[in-house]
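The values are calculated or read from the model by the stated rules, or taken from the named source; none is laboratory data. Note that this is a predicted model, so its numbers are computed, not measured. So basically every Cβ, Gly included, is an ideal-geometry build from the backbone, and we count neighbours across all protein chains shown. Only protein heavy atoms, including side chains, enter the accessible area calculation; ligands, DNA and RNA are left aside. Shrake-Rupley method; radii C 1.70, N 1.55, O 1.52, S 1.80 Å.
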Amino acid sequence: MDYVGSLALILIVTAVAGHLSVRMGLPAVIGQLLSGIILGPAVLGWVSATSFIKDFAELGVIILMFMAGLESDLKLLKKYWRPSLLVAVLGVILPVAVIDWCSQLFHLNATESLFLGVTFAATSVSISVAVLKELGALDGKEGTTILGAAVVDDVLAVLILSLMISLFGSEVSGGGSHASTNLGLSLAIQLAFFVALYFVVKWVVPHLMAVGNALLVPTSITLMSLVICFGLSYLADAIGLSAVIGAFFAGIAVGQTDYHEVIDEHIQPIGNAVFIPVFFVSIGLNMSFNGFLNDFWFIVVITVAAIATKLIGAGVGARLAGFNWLSGYEIGAGMVSRGEMALIIAQIGYQGKLLSADRYSAVITAIILTTLIAPLLLRRAVKRQREA
């Protein structure tokens, strides 16, 4: 029953840390992220990233993104698809180019430098979603653009990573002669998934929710919505995309039905009380100070470059799409966090020999630092936008 004790400890510490963060004028998520660093191997070592914690955390991010989709306005998402695309594309190109160059300054080889660029091209919108929800800014034009751009961003990062593994990652891809064929097939399947999502959102989900409403079991509507959420998350993951993409579109689909208010009322306590705090703690559990001093300047340069390239790339993309500079800054700040997406990509690259062991801890540290700084930037950006 050790895992029950760990869960109880995580929940009480994140509750207190979140409360203190809000009292100090910071987003609650900052306290939750720091809880993971304090409880984990970096400081106290009371909690480790066990398979139980990882599974709980994965459910947390899936539920968080389902809630984000549930609260999203589909009309706004359609309206701001062009800004989302521009923000995502420039927010991927600039980090890849700049961090690739910075890595080579520290004598990393060409393949490893390019991989680091791809790692920091990904965005963890789940952190931004939590902050925007807390500030009541999720359903505005900036929040909508951040959500749309994050989906495109994740798809682009996954595609580039797939290409790199096919070309360079011998251990992951097997280095076989069918690598390019497999990549082409994967891309075709992923494209088919997005096409199928249109029909799922428009026709399949409303019928499933009607079936759920007819079931003679408690909270059957919420039960059916979770089946849809987990089902689409599983399918997205199975074809090589992020599970959060499936969860986000499941939330959008369910949000178009007549049951969205009831579901939102039931899902919020489930996510915020248990699963989502564990997700934020799990990010902090990856932090380690081993070799920190040896890689100090590498960590500083990569962290600064990771933050600046998203702020500038995504911000300029928003400006080109017609937003003013304050809105562009808010959108850029919303794309800074790397979180679980970058951690997953780093782990895949490490397993596939795209990232060396002696740089792995430094890269993880830089990812977590950007994740800690991002909510502060976003909160400041939203505040400036409201004061303007």
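Of the residues making up segment 47-93, those that are under 21 Å from Phe280 (Cβ atoms) and part of a helix (DSSP H, G or I) number 20.
Among the candidates Leu33, Leu7, Leu11, Leu76, which residue alone is surrounded by 23 or more Cβ atoms within 10 Å (Cβ to Cβ), farther than 21 Å from Cys229 by Cα and in contact (Cβ under 8 Å) with a residue 60 or more places away in the chain?
Numbers: Leu7 fails: surrounded by 23 or more Cβ atoms within 10 Å (Cβ to Cβ); Leu11 fails: surrounded by 23 or more Cβ atoms within 10 Å (Cβ to Cβ); Leu76 fails: surrounded by 23 or more Cβ atoms within 10 Å (Cβ to Cβ).
Going through Leu33, Leu7, Leu11, Leu76 in turn, just one is surrounded by 23 or more Cβ atoms within 10 Å (Cβ to Cβ), farther than 21 Å from Cys229 by Cα and in contact (Cβ under 8 Å) with a residue 60 or more places away in the chain: Leu33.
Residues of segment 236-292 that are more than 30 Å from Ile189 (Cα to Cα) and acidic (Asp, Glu): Asp258, Glu261, Asp264, Glu265. Tell me whether segment 145-158 contains one or more residues that are at pLDDT below 80, of a type in the set (Ser, Thr, Tyr) and buried (at least 24 other Cβ atoms within 10 Å of the Cβ). The answer is no, given that none of the residues of segment 145-158 is at pLDDT below 80, of a type in the set (Ser, Thr, Tyr) and buried (at least 24 other Cβ atoms within 10 Å of the Cβ). For Val204, state whether it is β-branched (Val, Ile, Thr), under 22 Å from Asp258 (Cα atoms) and either open to solvent by 50 Å² or more (accessible area, probe 1.4 Å) or at pLDDT below 80 (or both). Yes, satisfied. Contact map, segment 311-332: first residue under 10 Å from Val87 (Cα atoms), second residue part of a helix (DSSP H, G or I) and polar (S, T, N, Q), Cβ cut-off under 6 Å, separation 6 or more or different chains; pairs are Ile331/Thr145.
Taking the conditions (1) in a loop (DSSP other than H, G, I, E, B); (2) modelled with pLDDT of 85 or more in turn, Leu355 satisfies each one other than (2).
The set of residues from segment 98-111 being open to solvent by 50 Å² or more (accessible area, probe 1.4 Å), in contact (Cβ under 8 Å) with a residue 24 or more places away in the chain and within 18 Å of Ile367 (Cα to Cα) comprises just one member, Phe106.
One residue is enough: does segment 58-73 have a residue meeting the conditions surrounded by fewer than 24 Cβ atoms within 10 Å (Cβ to Cβ), closer than 16 Å to Ile307 by Cβ and of a type in the set (A, V, I, L, M, F, W, C)? Scanning segment 58-73 turns up no residue that is surrounded by fewer than 24 Cβ atoms within 10 Å (Cβ to Cβ), closer than 16 Å to Ile307 by Cβ and of a type in the set (A, V, I, L, M, F, W, C).
For (1) free of Cβ contacts under 8 Å to residues at least 12 places away in the same chain; (2) more than 24 Å from Val29 (Cβ to Cβ); (3) surrounded by fewer than 24 Cβ atoms within 10 Å (Cβ to Cβ), each residue gets a yes or a no:
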{"site": "Gly334", "(1), (2), (3)": "no, no, no"}
{"site": "Ser337", "(1), (2), (3)": "no, no, no"}
{"site": "Gln347", "(1), (2), (3)": "yes, no, yes"}
{"site": "Lys353", "(1), (2), (3)": "no, yes, yes"}
{"site": "Arg359", "(1), (2), (3)": "no, yes, yes"}
{"site": "Thr371", "(1), (2), (3)": "no, no, no"}
{"site": "Arg379", "(1), (2), (3)": "no, no, yes"}
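Of the helices (runs of 4 or more DSSP H) lying entirely inside segment 240-304, the ones with 3 or more residues being among the small types (Gly, Ala, Ser) and surrounded by 15 or more Cβ atoms within 10 Å (Cβ to Cβ) are found at 243-255. Consider Val96 carefully, then state whether it is in a loop (DSSP other than H, G, I, E, B), in contact with a Phe, Trp or Tyr (Cβ under 9 Å, 6 or more places away or on another chain) and within 26 Å of Leu355 (Cβ to Cβ). Considered against the rule, which asks whether it is in a loop (DSSP other than H, G, I, E, B), in contact with a Phe, Trp or Tyr (Cβ under 9 Å, 6 or more places away or on another chain) and within 26 Å of Leu355 (Cβ to Cβ), Val96 comes out as no. Among the residues of segment 311-324, at least one is open to solvent by 10 Å² or more (accessible area, probe 1.4 Å), touching a helix residue (DSSP H, G or I) at 6+ places or on another chain (Cβ under 8 Å) and under 20 Å from Leu116 (Cβ atoms). Of the residues making up segment 16-73, those that are among the charged types (D, E, K, R) and under 30 Å from Tyr259 (Cα atoms) are Asp55, Glu58, Glu71, Asp73.
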